[in-house]
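*Asks:* Here it is: the structure, laid out below.
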Amino acid sequence: MKLHKSFLFFISAILIVPWLWGWAEAGKNACTEMAHPLHSKVNAIKDRGGMWARFERGRKLQNHSALALKVDSKVIGLMFTLDYLCSTLDGIPFNDVAEYIVPQIKEIGEEGFIKKHVDLGHDMKDVTDWVNYGKFSEENRSRKLELAQIKKTMAQAKSPVERYERLYKKTQEVDAVIAETKALIADIEKIHATDPYLIQADYENGQVPFSSILSNSGDAM
């Protein structure tokens, strides 16, 4: 009887795991499809050089090119964050930094990892940050997001993207274009500061240690 139950459990696992993988992939595909119309609008402007190129072509707007670059950056950053939410719907995959840190901590422990890298001349605070990021990566490798909430976030993003598109096409007075550009920047910043999933995404991305040594030349450490 025990053997029979074990066999049934084994068969169930074989059947369920592919189904779960398929379900997770379907969720990511649905998320990507929701973002596609927004990407199409933004990419159409990027392909023409962005708002910056639009300002550069207008003699009266050329002196405000820095503002155009800022709004381009804000919109592209918003789209990057939406993509991040889709790609981490079912967990945050290990990046190169986590792939370097986590296996070493498992092999030699936190104290061993810290000693090794301090002995190599790295700052204690930096090494401690790397250890903390290793913990964060493991803890969040399987964290879940709700597709319905991402949909709400994308609905919030739709308005600024459409305004960005309309603003690119406008040929009205310089003062009005400048005012609308500033308002759009402020509204995107507000969305990032108030939408729960954008806040979470910004926090998670902010955990990655900004170390060229870790990300580019870990083998040399």
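*Asks:* Of all the residues that make up segment 118-145, how many are at pLDDT 95 or above and part of a loop (DSSP other than H, G, I, E, B)?
*Replies:* Residues that pass the stated criteria total 6.
*Asks:* Sticking with this structure for a sec: In segment 153-175, which residue that is of a type in the set (Asp, Glu) and assigned to a helix (DSSP H, G or I) is modelled with the lowest pLDDT?
*Replies:* Here is the first cut: in segment 153-175, the ones of a type in the set (Asp, Glu) are 162, 165, 173, 175.
The next check asks that each one be assigned to a helix (DSSP H, G or I); those that pass are 162, 165, 175.
Values: Glu162: 98, Glu165: 96, Asp175: 90.
In this case the residue turns out to be Asp175.
*Asks:* Here is a further query. For segment 66-110, enumerate the residues that are of a type in the set (Ser, Thr, Tyr) and either crowded, with 16+ Cβ neighbours inside 10 Å or over 24 Å from Trp130 (Cβ atoms) (or both).
*Replies:* Residues satisfying the conditions are Ser73, Thr81, Tyr84, Thr88, Tyr100.
*Asks:* Given the residues Asn205, Asn140, which is the only one that is among the polar types (S, T, N, Q) and under 27 Å from Lys70 (Cα atoms)?
*Replies:* Testing whether each residue is among the polar types (S, T, N, Q) and under 27 Å from Lys70 (Cα atoms) leaves just Asn205.
*Asks:* For segment 66-116, what are the residues that are under 27 Å from Lys41 (Cβ atoms) and of a type in the set (Gly, Ala, Ser)?
*Replies:* Passing the criteria: Ala66, Ala68, Ser73, Gly77, Ser87.
*Asks:* Here's something else I'd like to know. Gln104 fails exactly one of the following numbered conditions: (1) touching a helix residue (DSSP H, G or I) at 6+ places or on another chain (Cβ under 6 Å); (2) in contact (Cβ under 8 Å) with a residue 40 or more places away in the chain. What is the number of that condition?
*Replies:* Here Gln104 clears every test but (2).
*Asks:* I would also like to ask the following. Of Asp72, Asp47, which residue is acidic (Asp, Glu), modelled with pLDDT of 90 or more and within 18 Å of the chain's Cα centre (by Cα)?
*Replies:* The conditions single out Asp72.
*Asks:* Being within 16 Å of the chain's Cα centre (by Cα) and in a helix (DSSP H, G or I) narrows it down to one residue among Ile92, Ile178, Ile101, Ile199; which is it?
*Replies:* Result: Ile199 is the single residue among Ile92, Ile178, Ile101, Ile199 that is within 16 Å of the chain's Cα centre (by Cα) and in a helix (DSSP H, G or I).
*Asks:* Scan segment 34-72 for residues that are farther than 23 Å from Gln156 by Cα and among the polar types (S, T, N, Q) and jot them down.
*Replies:* Residues satisfying the conditions are Gln62, Asn63, Ser65.
*Asks:* Given the structure, is Ile213 among the hydrophobic types (A, V, I, L, M, F, W, C), modelled with pLDDT under 95 and in a helix (DSSP H, G or I)? Walk me through it before giving the result.
*Replies:* Details: among the hydrophobic types (A, V, I, L, M, F, W, C): yes; modelled with pLDDT under 95: yes; in a helix (DSSP H, G or I): yes.
Yes, satisfied.
The values are calculated or read from the model by the stated rules, or taken from the named source; none is laboratory data. Remember, it's a predicted structure, so these values are computed and weren't measured experimentally. Counting neighbours? That spans all protein chains shown, and the Cβs are built from the backbone with ideal geometry, glycine included.
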